[in-house]
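Below is one structure; the comments refer to it alone.
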Amino acid sequence: MTKYRKAPKDTGKGFSTKDFNFWYGDFHALTGVTMNIAQNKITSFIGPSGCGKSTFLRCMNRMNDLIEGTHEEGLMTLDEQDIYAPSVDPVDLRRRVGMIFQQPNPFPKSIYDNVAFGPRLQGVTSKSDLDDIVEESLRRANLWKEVSHQLGKNGLALSGGQQQRLCIARVLAVQPDVLLMDEPCSAIDPTSVQKVEDLMVELAPEMTIIIVTHNMQQAGRVSDYMAFFLQEKAGEPATLIEYGVTKDIFANPKDQRTEDYITGRFG
Amino acid sequence: MHCRSDAVDTANRHTERGMKAFAQKGFCFCTALFCCLLAASATLFTTASLSGCAPRGAARQITVAGSTTVLPIAEIASEEIQEEEGIHALVSGLGSSAGIEAVMNGTADIATSSRDLTADEEASGLLQKTVIAHDGIAVIVNPDNPVSQLSLDQLRGIFAGQITKWSELGGPDETILVVNRDEASGTREAFKTIVMQGTPFDKRAAILPGTGQVRDVVSRTKNAIGYISLGFVDSEFSKEKVKALDIDGVTPSEESIQDKTYPIARDLFFFTRGAPTGDAAAFVNFVLSDEMDATIREAGYLPLFPFEKEAEEVGLL
Amino acid sequence: MTKKKAAEKTAANGKAAPKKGTAEQPVKLPEKKAAPKQPAKKAAGQPAKKAAKKTTLADTVAEKIEAAAALNQNITPATRLSEIEPMPAGVHTKNLQTLSKKTVIKERALEWGFLACALVAIVAVLAIFIFTFVRALPVLTDLGIARFFELDWTPTEGHFGITSLLIGSLIVTAGALVLGVPLALGCAVYLTEIAKPKVSKVVSTAVDLLAGVPSVIFGFFGIVMLRPLIAQLTGGLGFGALTAWLVLAIMIVPTITTLTMDALRSSPLGIREASYAMGATKWQTIYKVVLPASKVGIVNAIVLGMGRAIGETMAVLMVVGNAPVIPDSIASPISTLTSQIALDMGYSSGLHRSALFGMGVVLFIISATLVGSVRLISRAKETRAEKKLSKEKEEKLASANEVQLATIAPVETGAKLEAAEEAQESTRARIKKVLSEAKAPLISKDVTNETMLVVFRAAALLATGVLLLIILFVTVNGLPALSFDFIFGWPQGVNAEGGIWPTIVSSLYVTGLAMLICAPLAILAAVYLTEYAKQGRLVNYLRFATDTLASVPSIVMGLFGFALFVEVFSFGLSMLSAALALALMMLPIVMRTTEEAIRAVPRYVRWGSYGLGATKWQTVSKVVLPSAFPRIATGIVLAIGRAVGETAVVLYTMGQAINLPLTPMDSGRPMTIHLYLLANEGVNMQAAYGTALLLMIMILAFNLFARWISARSTKRMTSD
């Protein structure tokens, strides 16, 4: 049973799940996840490898649809709309729910084209509008100063940390409501990690951010709420163990398993 | 997507781990062996089969080169003479000219040719000529074509590209589709000499490098016209028929070729450097023998009359 | 369960591996961009490439270290070796042993030996050019270049103008590309991006196998199936550009498809995920992200396909109709450079023959140019200067920078800051408006998506369908002809009834001989390129030479073989002449696969060996080559499959007489030529179908055997 620690209430805004289950083919990966995600706050998902936290994150913009033979049960809503309803176009969902991946993955195009990609998809054609969007997004991603003089440079020519911020700028360009970050800092150097974390804190007042991380300190530093996932036995589905305000969980975990994990006893 | 990359990663780790343990010696050997076997087996098989069928070895060897027209005859003769007299004749078809050149410069013993010597070649005085068969060239059209006879002039007009419609020849108002042979062909050479008489061929005509191709195309294309050796007009291999045209009012047939009334006919030759001797002479005589008559007919040509054969045979020393 | 486990495993592993990537980022980058240039093994796909990239870097570093070490050793102990008195045994047991002269000499000698093997490629390319050029000289000097490029080709009248043939070649190639490229691209995109993994695996294996079907079989198919069909449709003979287009398009589809698939697979996986996460549809992802990312690889694939089309001889020869004129219509007979060479070579002499060699030179130059342009394209991508920005944007940027400077300026007042913030707010609002007001395209993205996916599926279906049709056609018609007597019997009678045993033996004989010549050379050359050579001009030349050698049209190789081996070396029309020419054709193929195989051996395996005190040669011979062996063997067997199917190169080097070859100096007739002659004679079609089927089965067997080897080695390695 999930233990809740001052967990957000269902406000009818943002993400909310009820008894959410997920399968990869025959493998039951996640079971009984019930949680509301706080609007315009940072929520972190933590847990050992294989605990389903990434899977759950990828369910939130239906990236898992791209894998053959997956299916879900239960309810997952965004602004009270069932995102798995047959009428929902996952493509449109993803425009509202942006995602950052573990490995920075800029397109092998210019920086400008990378950022303009999303707006162009949405049909923005005016050069001046695009210029504005590109500049604004790069500014918000704290990358503008570094690249403003070389927007024509290939995105792949940037350093790893810059690439990740470029990816963030690329997502910001379409003004998503929610930003999903799947271990965004595990593939970049420590200085860049700092920059990305700062950026998250800066962005939080305007958008909901959900971050999957292996790094307990990072979760503690940046997130307002924290969710601990665990797969107890191999072969059994993982689930949400404890969810609530980050500080409370760190200070005084209710569940023994949470405590074991955050004190580094396993995982 | 995620999963795919994971699977690959896992595979990679496995591969790397496996690299450390070379447990594949036997397998390596197996593959290496296979490669060597390719060459070795080919050689072995050859040795085995050759020693089986040619116990007397390859000491008695002659080289026969030249016309592709005569190639089938020469090949069969080569097989049979190998069996009967142990003479190993290496036969190749490179075209009459190449064969004649080969005999002149001594790389071949016998040149097979579907044309007579040119003035230059004649002038060298090196070569001895032996007629080995007659060949009539039939002009063929599709059986559906109403035209059934042409004059030599009309034929020339068609192949020169001056007559382009069947309507000009009493047929339907359709374009004549001319099928010519390649320049290596002895049949073309003969056709050129006898029919074209100096008028150039129309270069727009399709050029096909084989008798069968010409026959096949004409038999299946309504407005096509081509020429092939008379012997191939009726083929036991093909259901499709072609129609041989009368030329200048003469129907092509064995009789009309033998009595020389059919205009488009020629002889097939062997050329040797001087009078043939030894194994080369044996080969020439073998081709002229009655044994080969059936083969020559099968190849689409007409064997010589007995009196002609007597004149051509070489006295063996 | 496995999927998720694996997912999390990578997540865990990710920490170590990608960090390394990041650290190496700036150095690694050029390598990354150069990657599409290297045709990597399909089966291994992207990860193998990644590994290769990493090792290349490590490679250069390690090599530098080695080089430095070698230098030191050379200067000090080795030079003084002679001056030093031999030490009594036992005195210096604790000292390090001085480098023995013998070892140095041996290693040096080996290196030079390998270099010599590698240089064979350069020598061969030069020799091919020089020999064909020298043989072409008479026509150029006697006739003059201007007359050589006239329209009129009438050898009997002394007109040797090749322009109509050149135009024929271009027409045929262009049409084939127009038809084949979209089909191949669609097929490749479908297989890599759309199809389910299982479907993709099966179909791409099939396409791979089809890439090995010899051209003479395509020509055979064209002549017996397509020609009558087109004759009926157009009312002509059915010979001409149209037929050639169809046949060639079918032929280049497997080539372009497999190369394009390589290119698509080597683009990073993450960019697809990123694109989907941005809300792009599948089609948008393919069109806007994946295809642009693989542009260079795709262009290379097309150029190589073009090279194959322009150099194709037998299939074209059989269907174009061989009339050396500018055609009236796409359905009237034309001729091409390659087909005219093949047609005339047998009987030509004097200036005529010289003109054929001249055409060979032209073909050689065309194919070398194509190879050169591929290299230029790849390199241009590497060193491409920054994209030029529009003037408007540059101005904007300049002003933006000023604003930025102002913002950073220390003397900034609070008011200014506020103003800047407000301005930001307003732009953000404006952007929101722009985004929300952006017009949806006329045709909905979903409709476009669905339509394009259907188009891709159709392309894949059509391409594989046609290829399967050919196989089916040959099989159905050929099966009745197959019998023990047919395979092991001798041809009887004028029309080659009976068996085709001597042709099978000739095919295997010449292929085996060619491989005996080519494989050792190629492997040693590859060892040089991967283990010894330092990146530099020589290696560049070597690669250019091997690429050029690989692209030499087989009929040109045949011409060269005839000029050098048959005539100059006076090997005559023989197994040896044909095998030598064939070996040169196979050399770059085996070299390339061997190189890839060696590169795929992990660095640390070598380090392990060096760490135990092995010399370079010991490491190469005892560790690297054995590890790479299965993949080398795969490459060789694939090359054998290709060699068995070669026709044009042996047409005028081996002779055409049906003969069971005993010594390498004997001539013979391989299966491919037998099929060609049977198809042309058109009398004994039964035997032609049988030969075609047997030829296809043999090549298929070689290809499957190669797959078996690689599958088996993978299994071995993963079984523990």
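The values are calculated or read from the model by the stated rules, or taken from the named source; none is laboratory data. None of these values were measured; they are calculated from a predicted model. Note that each Cβ is placed from the backbone with ideal geometry, even for glycine, and that neighbours are counted across all protein chains shown.
Tabulated values for the structure
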| quantity | calculated |
| --- | --- |
| Qualifying positions in segment B:147-163 - part of a helix (DSSP H, G or I) and of a type in the set (Val, Ile, Thr) | B:Ile158 |
| Subset tally (residues that are surrounded by 20 or more Cβ atoms within 10 Å (Cβ to Cβ) and outside any helix (DSSP H, G or I)) for segment C:330-374 | 10 |
| Test: C:Glu421 is acidic (Asp, Glu), in a helix (DSSP H, G or I) and at pLDDT 70 or above | no |
| Selection count, segment A:114-127, where residues are in a loop (DSSP other than H, G, I, E, B) and touching a Leu at 6+ places or on another chain (Cβ under 8 Å) | 2 |
| Search result, residues across segment B:277-297 that are surrounded by fewer than 18 Cβ atoms within 10 Å (Cβ to Cβ) and of a type outside the set (Ser, Thr, Tyr) | B:Gly278, B:Asp290, B:Glu291, B:Asp293, B:Ala294, B:Arg297 |
| Elements of type helices (runs of 4 or more DSSP H) in segment B:71-146, at least 2 residues being at pLDDT 85 or above and in contact with a Ser or Thr (Cβ under 8 Å, 6 or more places away or on another chain) | B:71-85, B:96-104 |
| Any hit, segment A:5-18, residues being hydrophobic (A, V, I, L, M, F, W, C) and in contact with an Asp or Glu (Cβ under 7 Å, 6 or more places away or on another chain) | no |
| Lone unmet requirement of (1) surrounded by fewer than 24 Cβ atoms within 10 Å (Cβ to Cβ); (2) away from chain A (no Cβ under 13 Å); (3) closer than 17 Å to C:Gly186 by Cβ for C:Met261 | (1) |
| Qualifying residue in segment C:212-230 (condition: more than 14 Å from chain A (Cβ to nearest Cβ), more than 30 Å from A:Leu172 (Cβ to Cβ), free of Cβ contacts under 8 Å to residues at least 12 places away in the same chain and not aromatic (Phe, Trp, Tyr)) | yes |
| Selection within segment C:637-678 - within 19 Å of C:Met557 (Cβ to Cβ) and facing another protein chain (nearest Cβ under 8 Å) | C:Ile640, C:Gly655, C:Gln656, C:Ser667 |
| Segment C:539-575 - residue that is out of contact with any helix residue (DSSP H, G or I) (no Cβ under 7 Å at 6 or more places or on another chain) and within 14 Å of another protein chain (Cβ to nearest Cβ) and, of those, nearest to C:Gly305 (Cα to Cα) | C:Phe562 |
| Test: residue in segment A:172-194 that is under 22 Å from C:Ser426 (Cβ atoms), touching a residue at least 60 places away in the same chain (Cβ under 8 Å), β-branched (Val, Ile, Thr) and at the interface with another protein chain (Cβ under 9 Å from one of its Cβ atoms) | yes |
| Any chance C:Pro626 is at the interface with chain B (Cβ under 9 Å from one of its Cβ atoms) and without any contact (Cβ under 8 Å) to a residue 12 or more places away in the chain | yes |
| Residue in segment B:275-289 that is in contact with a Leu (Cβ under 6 Å, 6 or more places away or on another chain), farther than 21 Å from B:Ser235 by Cβ and aliphatic (A, V, I, L, M) present | yes |
| Selected residue [touching an Asp or Glu at 6+ places or on another chain (Cβ under 8 Å) and either polar (S, T, N, Q) or assigned to a helix (DSSP H, G or I) (or both)] from C:Val624, C:Val556, C:Val566, C:Val590 | C:Val624 |
| Selected residue [farther than 23 Å from C:Glu450 by Cβ, within 14 Å of chain A (Cβ to nearest Cβ) and β-branched (Val, Ile, Thr)] from C:Val296, C:Val247 | C:Val296 |
| Filter result for A:Glu197 (closer than 23 Å to A:Gln175 by Cα, within 12 Å of another protein chain (Cβ to nearest Cβ) and either under 15 Å from the mean Cα position of the chain (by Cα) or outside any helix (DSSP H, G or I) (or both)) | no |
| Number of positions in segment B:164-178 that are farther than 22 Å from B:Ser219 by Cβ and in a loop (DSSP other than H, G, I, E, B) | 1 |
| Where C:Met515 falls short, out of the listed (1) within 14 Å of another protein chain (Cβ to nearest Cβ); (2) more than 23 Å from C:Gly561 (Cα to Cα) | (2) |
| Residues located in segment C:667-683, provided they are touching an Asp or Glu at 6+ places or on another chain (Cβ under 9 Å) and assigned to a helix (DSSP H, G or I) | C:Thr672 |
| Segments classed as strands (runs of 3 or more DSSP E), wholly inside segment A:6-113, with at least 1 members that are more than 14 Å from every other protein chain (Cβ to nearest Cβ), more than 18 Å from the chain's Cα centre (by Cα) and touching a residue at least 12 places away in the same chain (Cβ under 8 Å) | A:15-24, A:27-36, A:70-78 |
| Residue tally, condition of a type in the set (Val, Ile, Thr), more than 25 Å from C:Leu337 (Cα to Cα) and touching a residue at least 24 places away in the same chain (Cβ under 8 Å), over segment C:525-577 | 2 |
| Failed criterion for A:Asn142 (all others in (1) in a loop (DSSP other than H, G, I, E, B); (2) at the interface with chain C (Cβ under 7 Å from one of its Cβ atoms) hold) | (2) |
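A quick yes/no check of all residues on (1) part of a helix (DSSP H, G or I); (2) crowded, with 24+ Cβ neighbours inside 10 Å; (3) basic (Lys, Arg):
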| site | (1), (2), (3) |
| --- | --- |
| B:Asn180 | no, yes, no |
| B:Glu183 | no, no, no |
| B:Lys192 | yes, no, yes |
| B:Pro200 | no, no, no |
| B:Arg204 | no, no, yes |
| B:Val214 | yes, yes, no |
| B:Lys222 | no, no, yes |
